[in-house]
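The structure appears below as structure tokens.
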Amino acid sequence: MKKVLFFVAVAAAFTFASCAKDRTCTCVNTSTAPGSTSYTSIVTFTKATKKDARFNCMSSTATTGGYTTTNACTLK
């Protein structure tokens, strides 16, 4: 009985464990300022869970001096 309970506990642990692997965050940065150009940046998170990578790969928008800068990110 103890062996069966042990194997069930081990199987449950593997089921709930997060898969840590390399994840890529791609961001496209644009600005409404005159003369600005858009660019793409790629960041790789090594051995990261999906939750941690999603937390660090966030889109943002900022307005400074009447111009808006947008950073649109996607996790792959």
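The values are calculated or read from the model by the stated rules, or taken from the named source; none is laboratory data. These numbers come from a predicted model, not from an experiment. The protein model used for the area step is the full one, side chains on, heavy atoms only, and it has no ligands, DNA or RNA in it. Shrake-Rupley method; radii C 1.70, N 1.55, O 1.52, S 1.80 Å.
Some notes on this structure:
- Within region 41-64, no residue satisfies the criterion of being of a type in the set (S, T, N, Q), closer than 14 Å to Thr26 by Cα, under 10 Å from the mean Cα position of the chain (by Cα) and open to solvent by less than 60 Å² (accessible area, probe 1.4 Å).
- Selection from region 9-32 of residues that are of a type in the set (Gly, Ala, Ser) and modelled with pLDDT of 60 or more: Ala9, Ser18, Ala20, Ser31
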